[in-house]
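*Asks:* Just passing along the structure, written as structure tokens.
The values are calculated or read from the model by the stated rules, or taken from the named source; none is laboratory data. Computed from a predicted model, the values in this text were never measured in an experiment. All Cβ positions, even for glycine, are placed from backbone atoms using ideal geometry, and neighbour counts span all protein chains on display. To get the accessible areas, we keep the full protein, side chains included, count just its heavy atoms, and leave off ligands, DNA and RNA. Shrake-Rupley method; radii C 1.70, N 1.55, O 1.52, S 1.80 Å.
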Amino acid sequence: MLSVVSQWFDTSNLMPHGYCLLWNPLLLWVFVTSDLIIAASYYSIPFALWFFAKRRPDIQNRWLIILFGLFVMACGTTHFFDVLNIWYPNYWTDALVRIITAILSLTTAIVLWIIMPSALKAPSVQQLETANNKYKGSAQYARSLIEASLDPLVTISTEGKIMDVNVATEKITGVERQKLIGSDFSEYFTEPDKARQVYEEVYAKGFVMDYPLAIYHTSGYVTDVLYNATAYQDESGHVAGVFAAARNITERKTYEEQLKIANRELEAFAYSVSHDLRAPLRGIDGWSLALLEDYGHTLDEQAQGYLETVRSETQRMGQLIDDLLLLSRVSRGELNNEQVDLSAIAQTVSERLQRAEPERKIEFVIQSNLSTRGDARLLEVVLTNLLSNACKFTALRSEAKIEFFHIIERDKKSNTPYQLFVIRDNGVGFDMAHAQNLFGAFQRLHKASEYPGTGIGLATVQRIVHRHHGRIWAEAHLDQGATFFFTLGDSA
Amino acid sequence: MNTKTILLVEDNPSDVSLTRRALVKNSISNPLVVAEDGQDALDYIFCNGEYSTRNFSDLPVLILLDLKLPKIGGLEVLRRLRADPRTRRIPVVILTSSGQEEDITAGYDCGTNSYIRKPVNFTDFAETIKQLGLYWLVINEPPP
């Protein structure tokens, strides 16, 4: 063993390499200088690699750098021995160094081919730059979209922390972006518990729509919002967070509030009309009658006639107030949605009308089993008005005929069937030229002396039909009867 | 002669006179006491204030009650009458101008026995008073 080791350093039987060069000084020094430069250069490369690796901790496959460094160092050592060999024939040691260098070179060469496919896949700097620019562009685009929204937009992590916000969010909360990000999203709502509940719902359902919440501003100002949120997923399909938008509905709330106030005022007005406006009329009528009863004998016929006119005008005023109150009532309040037997209502109304004028011969033809969904009391108002109008305008007919039936029509767009209700009479009719005035309040097509009325009835009827999402119109000819058509929304 | 009192709670003097006239016309001869507001009506019934000397047990046989009254409204008067076991059975007829649905339902909810809307036409009004008197003072069996 010792002999083998001593052989490595035994130079006695060997010749320095200088003899091969015939000790030609020029050739010899060119060799020496070149080899020394090569060796020095090779030795410097591992330091460069070490420096690079230290500065770039992100670089992967660091073992490759070490391998490459060892390989270059081994190469450098062989050149160093080339210089030594010129004077000292340490060929055995040189051989050992060359074996090591060979192993390192081969390993490096093989490893290079092994990693070649993945090395080729690694993007070039230019490719990276292009991709980076593209990414910057789309990020910029997404950011400007988010910022362009007037609605506060927020992304919330699975832990309920705010991840991103837009300027609108800063404005509505009065909190800076940096402070918003990372904070708990629910703390900006007036009801944090409710906000968290909505958040849970997004996870359960995937979204929430138009959930009413209110957001605090640091100044104490509260903004009413409708909250819309969707869960969004990462590449692997897992829910990564919630994307939420809050729509400011302050303006709408203000309008709703104003509408409520206006409605309350209208109701108070109707209440006052109902209570206060009728009482004086009763006084006028009552005291006119008292005058007639107690002092009638001292008044001549004309004076008594005047008092009668006062009374009839007073009563007409009373009727006007009642009709106006009804018109106002049908515009307000909730609408019932119940099954309504229109045939039965028409039957009752017709009997009442016949009783009111027992001397007249009126033939009512009412189709049986006409029914619809709607508000029974309001639909009775419709039928009462239309049927009593028909009675009124057939007063001059010796044989009045009033019909109520339906026709099944089909919707032009959806082809779904619906009922078209018809009330037809053989009365005096009217000129279609004035038909557009028919449903306006206080509009009358006949002289009050011939056909008394307040002109509010058809306006009321139209209001009720409209509230049932229906339409109403009429067809008539002078002296050839009138026909009223109406639909009641989607009843079929 | 009938000596049982009718209490008319009504603030409009013209309406008071017309009611009185209608009662006379229909020969309803019960004494008529008029209270011009809700407070006055309660004072009369419960013998308070200027009515402190009145005999409480002499309760009115019928109360004709208007709704829109100064101080205490008609519905509140009715509520207090119905809340007291001594007065809860007195027949009360709401006699008012309003036919508003909310008034009618509130009236019955508070325990009125009848709700009558005063017609504008005095002939109709007089007829209403006649029917009312006939029903509540003659036909109806009053509480003991």
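*Asks:* Taking Cα atoms, how many degrees apart are the long axis of helix A:62-87 and the longest axis of chain A, rounded to 10 and kept between 0 and 90?
*Replies:* Result, in degrees: 20.
*Asks:* Within 10 Å of each Cβ in A:270-282, how many Cβ atoms from other chains are there, averaged over the peptide? Before the final figure, lay out each step's value.
*Replies:* On the way: counts 2, 5, 2, 3, 9, 9, 4, 1, 8, 13, 5, 4, 12.
Counting other chains' Cβ atoms within 10 Å and averaging over A:270-282 gives 6.
*Asks:* Pick out, in residue order, every one of the GluC sites (Glu not before Pro) in the stretch A:221-282 that is DSSP loop and has at most 10 other C-beta atoms within 10 Å; say none if there are none.
*Replies:* On the way: sites: A:GLU235, A:GLU251, A:GLU256, A:GLU257, A:GLU265, A:GLU267; in loops: A:GLU235.
The qualifying sites are A:GLU235.
*Asks:* Would you please give the residues with an amide H less than 5 Å from that of A:GLY427, counting only those at least 5 places away or on a separate chain, with H modeled from the backbone geometry?
*Replies:* Distant-sequence amide H within range of A:GLY427: A:GLY481, A:ALA482.
*Asks:* Go through A:PRO25, A:LEU112, A:VAL422 and say which Cα lies farthest out towards the positive end of the charge dipole of chain A; charges sit on Cβ, +1 for Lys and Arg, -1 for Asp and Glu.
*Replies:* Final value for the positive-end residue is A:PRO25.
*Asks:* What share of the DSSP beta bridges in chain A is antiparallel, in percent to the nearest 5? Spell out each step's value before the answer.
*Replies:* Values: 49 of 54 bridges.
Of the beta bridges lying entirely in chain A, close to 90 percent run antiparallel.
*Asks:* Using a basic spin-label model with each label point 7 Å from the Cα along Cα→Cβ, how many nm lie between A:SER144 and A:VAL125?
*Replies:* The modelled label-to-label distance comes out at 3.0 nm.
*Asks:* Another question, if that's okay. Compare the Cα positions of A:SER144, A:THR454, A:PHE269 along the charge dipole of chain A (+1 at Cβ of Lys, Arg; -1 at Cβ of Asp, Glu; about the Cα centre) and return the one farthest towards the positive end.
*Replies:* A:SER144
*Asks:* Moving on. Rounded to the nearest 0.05, what FRET efficiency is calculated for A:ALA204 and A:THR250 with R0 set to 35 Å and r the Cβ-Cβ distance? Walk me through the intermediate numbers first.
*Replies:* On the way: r = 29 Å, r/R0 = 0.84.
It comes out at approximately 0.75.
*Asks:* Let me know the charge dipole size of the stretch A:1-108 about its Cα centre in debye, to the nearest 20, where only the beta-carbon of Lys, Arg (+1) and Asp, Glu (-1) is charged. Don't skip to the answer; put the middle values down first.
*Replies:* Values: 5 positive and 5 negative charges, 100 e Å.
Magnitude of the dipole: close to 480 debye.
*Asks:* With each pseudo-label sitting 7 Å past Cα toward Cβ, what's the B:ARG86-A:ARG264 distance in nm, one decimal?
*Replies:* Modelled inter-label distance: 3.9 nm.
*Asks:* Take each of the peptides B:74-82, B:22-30, average the number of other beta-carbon atoms within 10 Å over its residues, and list them starting from the highest. Don't skip to the answer; put the middle values down first.
*Replies:* Numbers: B:74-82: 20.7, B:22-30: 16.1.
For the peptides B:74-82, B:22-30, the packing ranking is B:74-82, B:22-30.
*Asks:* Still on this structure, please answer the following. With a 1.4 Å probe and all protein chains in place, put B:GLU10, A:GLU357 in order of accessible area, largest first.
*Replies:* Sorted descending by solvent-accessible area, the residues read A:GLU357, B:GLU10.
*Asks:* Which FRET efficiency, nearest 0.05, do B:GLU141 and B:THR105 yield, Cβ-Cβ r, R0 30 Å? Working shown, then result.
*Replies:* Details: r = 27 Å, r/R0 = 0.89.
Rounded to the nearest 0.05, the efficiency is 0.65.
*Asks:* Any chance you could check the Cα centroid distance between the stretch A:59-86 and the stretch A:334-400 for me, in angstrom?
*Replies:* What the calculation gives is 112 Å, centre to centre.
*Asks:* How large is the Rg to Rh ratio of the stretch A:338-486 when both quantities use alpha carbon positions and Rh follows Kirkwood? Walk me through the numbers before you get to the answer.
*Replies:* Details: Rg = 15.0 Å, Rh = 15.8 Å.
The Rg/Rh ratio comes out at 0.95.
*Asks:* Using the heavy atoms of the protein chains alone and a 1.4 angstrom probe, what is the accessible area of chain A per residue in square angstrom? Could the numbers behind the result be given before it?
*Replies:* Details: 29860 Å² over 492 residues.
Per residue, chain A has 61 Å² of solvent-accessible surface.
*Asks:* On to the next question. With bins 5 Å wide starting at 0, give me the P(r) of the stretch A:254-331 over every alpha carbon pair, in whole percents.
*Replies:* 3, 14, 18, 16, 12, 10, 8, 6, 5, 3, 2, 1, 0
*Asks:* Please list, in order, the residues from the stretch A:83-126 whose amide nitrogen is less than 14 Å from a point placed 7 Å along the Cα→Cβ vector of A:TYR43.
*Replies:* Counting backbone N atoms under 14 Å from the label point, the list is A:83-84.
*Asks:* Here's another thing I want to ask about it. If one computes the Cα centroid of the stretch A:286-320 and of the stretch A:177-191, what distance in Å separates the two points?
*Replies:* Measuring centre to centre over Cα atoms gives 76 Å.
*Asks:* Right, something else. Hey, what's the stretch B:43-91 come to in accessible area per residue, 1.4 Å probe, Å²?
*Replies:* Working: 2450 Å² over 49 residues.
For the stretch B:43-91, the solvent-accessible area averages 50 Å² per residue.
*Asks:* Residue by residue, what Karplus-based ³J(HN,Hα) values in Hz, rounded to whole numbers, does the stretch A:208-221 have, using 6.51, -1.76 and 1.60 with θ = phi - 60° and x for Gly and Pro?
*Replies:* 9, 10, 6, 8, x, 9, 9, 10, 7, 9, 4, 6, x, 5
*Asks:* Along the Cα-to-Cβ line of A:LEU112, 7 Å from the Cα, sits a label point; which residues in the stretch A:64-84 have backbone N less than 16 Å from it?
*Replies:* Taking a point 7 Å out along Cα→Cβ of A:LEU112, the residues of the stretch A:64-84 whose backbone N falls under 16 Å are A:64-76.
*Asks:* Averaged across B:120-130, how many Cβ atoms of other chains sit within 10 Å of each residue's Cβ atom? Walk me through the numbers before you get to the answer.
*Replies:* Working: counts 18, 11, 13, 5, 3, 4, 2, 0, 0, 0, 0.
Averaged over the peptide's residues, the number is 5.
*Asks:* Report ³J(HN,Hα) in whole Hz for each residue of the stretch B:8-19, in order, from the Karplus equation J = 6.51 cos²θ - 1.76 cosθ + 1.60 where θ = phi - 60°; Gly and Pro get x.
*Replies:* Going residue by residue, I get 9, 9, 7, 9, 8, x, 5, 5, 4, 5, 5, 5 Hz, with x marking Gly and Pro.
*Asks:* Tell me which trypsin sites (Lys or Arg not before Pro) from the stretch A:387-436 have a DSSP coil assignment and no more than 11 other beta carbons within 10 Å of their own. All intermediate terms of the calculation are to be shown ahead of the outcome.
*Replies:* On the way: sites: A:LYS392, A:ARG397, A:LYS401, A:ARG410, A:LYS412, A:LYS413, A:ARG424; in loops: A:ARG397, A:LYS412, A:LYS413.
Qualifying residues, ordered by number: A:LYS412, A:LYS413.
*Asks:* Next up: In square angstrom and rounded to 100, what buried accessible area do you get between chains B and A, total over both, with the probe at 1.4 Å?
*Replies:* So the buried area, both faces added, is about 2100 Å².
*Asks:* The stretch A:113-163 to the stretch B:70-144: how many Å between their Cα centroids?
*Replies:* 79
*Asks:* Using each residue's phi in the stretch A:149-165, evaluate 6.51 cos²θ - 1.76 cosθ + 1.60 at θ = phi - 60° and report the 3J(HN,Hα) Karplus result to the nearest Hz, with x for Gly and Pro.
*Replies:* Going residue by residue, I get 5, 7, 7, x, 10, 9, 10, 10, 6, 5, 8, x, 9, 6, 9, 8, 9 Hz, with x marking Gly and Pro.
*Asks:* Got a sec? Charge dipole of chain B, +1 on Cβ for Lys and Arg, -1 for Asp and Glu; which of B:LEU69, B:SER14, B:THR123 is way out at the positive end?
*Replies:* B:THR123
*Asks:* Can you give me the angle between helix A:125-148 and the longest principal axis of chain A, using Cα atoms only, in degrees from 0 to 90, rounded to the nearest 10?
*Replies:* Once rounded, the angle reads 20 degrees.
*Asks:* Just the Cα atoms of the stretch A:138-227, one point each, no solvent: what log10 I(q)/I(0) does Debye give at q = 0.11, 0.13, 0.18 Å⁻¹?
*Replies:* So the normalised log intensities are -0.30, -0.42, -0.82.
*Asks:* Given 25 °C and 0.890 mPa s, how large is the Stokes-Einstein diffusion coefficient of the stretch A:2-121 in µm²/s, with Rh as the Kirkwood radius over Cα pairs?
*Replies:* Values: Rh = 16.4 Å.
The diffusion coefficient I find is 149 µm²/s.
*Asks:* Work out the FRET efficiency for A:TRP50 and A:LEU14 from their Cβ-Cβ distance, taking R0 = 45 Å, and round it to the nearest 0.05. Display every interim value, and only then the final one.
*Replies:* Details: r = 36 Å, r/R0 = 0.80.
Efficiency, from the Cβ-Cβ distance: 0.80.
*Asks:* Place a label point 7 angstrom from the Cα of A:GLU176 along the Cα-to-Cβ direction, then list the residues of the stretch A:213-256 whose backbone nitrogen is under 20 Å away.
*Replies:* So the set is A:217-220.
*Asks:* Quick one: divide the alpha-carbon radius of gyration of the stretch B:1-102 by 2.2 N^0.38 Å and tell me what you get.
*Replies:* Working: Rg = 13.2 Å, N = 102, 2.2 N^0.38 = 12.8 Å.
Here the Cα radius of gyration is 1.04 times the empirical estimate.
*Asks:* Anything over 27 Å Cα to Cα? Flag those among B:LYS4/B:LYS118; A:LYS401/B:LYS130; A:LYS392/A:LYS413; A:LYS136/A:LYS161; A:LYS161/A:LYS194, in the order listed. The partial results should precede the final answer.
*Replies:* Numbers: B:LYS4/B:LYS118 23 Å; A:LYS401/B:LYS130 39 Å; A:LYS392/A:LYS413 38 Å; A:LYS136/A:LYS161 25 Å; A:LYS161/A:LYS194 16 Å.
Cα-Cα > 27 Å for A:LYS401/B:LYS130; A:LYS392/A:LYS413; rest within.
*Asks:* Next up: Pulled fully out, how much extra length does the chain show between A:GLU257 and A:ASP193, if you take 0.36 nm times their separation in residues and subtract their Cα-Cα distance?
*Replies:* Details: separation 64, 0.36 × 64 = 23.04 nm, distance 2.62 nm.
Full extension of this stretch gives 20.4 nm more.
*Asks:* On C-alpha positions alone, give me the angle between the axis of helix A:457-467 and the longest principal axis of chain A, in degrees, nearest 10.
*Replies:* For helix A:457-467, the angle is close to 20 degrees.
*Asks:* If you don't mind, there's one more thing I want to ask. Calculate what fraction, in whole %, of the accessible area of chain A sits on carbon and sulfur atoms when a 1.4 Å probe is rolled over the protein chains.
*Replies:* After summing per-atom areas, the C and S share lands at 60 percent.
*Asks:* Eigenvalues of the Cα gyration tensor times 5, then square-rooted: what semi-axes does that give for the protein assembly as shown, in whole angstrom, largest first?
*Replies:* Details: eigenvalues 2334, 232, 79 Å².
Value: 108, 34, 20 Å, ordered largest first.
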